[in-house]
Amino acid sequence: MSTFRIIAGREMWLALRNRSILISGLIFAVWLPVMSALGIAAGAGEEVTILAGSIAAVTLPVGVFMGYIFCADAFLREKRDGTIETLLCAPVSLRRLWEGKAAGVAVPAYLMTLFSAAVTVAAVSTLSGTPIAAEPLLLLHLVVVVPVWIAAAAGLIGAAQLALGMRENQILGFVFIFGFIFLIVGLQQVAPGGPGLSWTTEALLAAAGAALLALARVIAGKVTKERIVRTIP
């Protein structure tokens with residue numbers, strides 16, 4: 001079994017055993033979609049494309065936030081309890097460690113986001129009386145765009161949490177979340193055809209997410225073990 005799979009599997013197992021993280025994720029995954037569904041169903045009528053676009057606009061920020069929730073425990077936990085020093089002594093590169101942990105965080109965050117999307121679709125379909133689940137662009141959004149952005153969020157936040165101290169990380173998380181949300185809204189506004197679902201919008205979002213993921217990998221590659229040790233409280 002590869003080192004990457006071992007690290008990623010360990011993080012997924014720890015995430016699925018962390019009740020506080022799972023409860024927080026479930027509350028957010030259900031509460032926000034239900035509240036959003038009321039406004040979506042009331043404002044969009046029965047137009048499937050508009051309804052699907054509104055659901056997609058809600059789901060992507062939810063995915064980014066889920067990445068942050070799960071990421072906060074995966075990277076900072078080992079700094080708080082000091083076990084990261086043991087991990088740094090293991091015969092594995094820091095970039096490989098980051099890749100495994102980011103992937104292990106992204107998988108449960110993506111599963112929670114899919115659950116949130118299912119709740120949103122079910123609520124909007126029930127309130128509007130319009131079937132939405134089979135909309136092709138919405139499926140593309142959930143299968144391609146959302147996981148890329150979750151991985152990018154987990155990767156960027158994780159790399160920053162490795163490099164920065166505990167005090168800086170308390171502020172950084174919120175900065176990243178609001179930054180991601182503003183970026184998503186901005187990309188949807190400048191895309192031809194407006195903020196709704198379109199091939200152009202989805203391609204733009206997918207490309208931006210891939211670029212952010214690549215940036216996260218570059219940043220993680222520049223973090224050194226010495227830098228991490230100096231930030232341990």
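Derivation of every value follows stated rules applied to the coordinates shown; laboratory data play no part. Everything numeric here is computed off the predicted structure, so don't read it as measured data. Quick reminder, even Gly has a Cβ in these numbers, built from the backbone with ideal geometry, and neighbours come from all protein chains shown.
In nm, to one decimal, how far is the residue 17 label point from the residue 181 one, both placed 7 Å along Cα→Cβ?
Modelled inter-label distance: 3.3 nm.
On full extension of the chain, what length is gained from residue 171 through residue 35, given 0.36 nm per residue of separation minus the C-alpha to C-alpha distance?
46.2 nm
By counting other Cβ atoms within 10 Å of each Cβ, how are 66, 12, 112, 35 ranked from fewest to most?
35, 12, 112, 66
Among 93, 2, 116, 125, which comes first, second and so on when ranked by fewest other beta-carbon atoms within 10 Å?
2, 93, 125, 116
Quick one: 65, 28, 178, fewest Cβ neighbours within 10 Å first, how do they rank?
178, 28, 65
Within 10 Å, count the other beta carbons around each residue, average over each peptide in 96-108, 199-211, and list them highest first.
96-108, 199-211
Using a 7 Å offset from the Cα along the Cα-to-Cβ direction at both residue 49 and residue 189, what is the distance between the two label points in nm, to one decimal?
2.3
So what J values fall out for segment 175-182 if you push phi through Karplus, 6.51 cos²θ - 1.76 cosθ + 1.60 with θ = phi - 60°, rounded to Hz, Gly and Pro as x?
4, 5, 4, 5, x, 4, 5, 4
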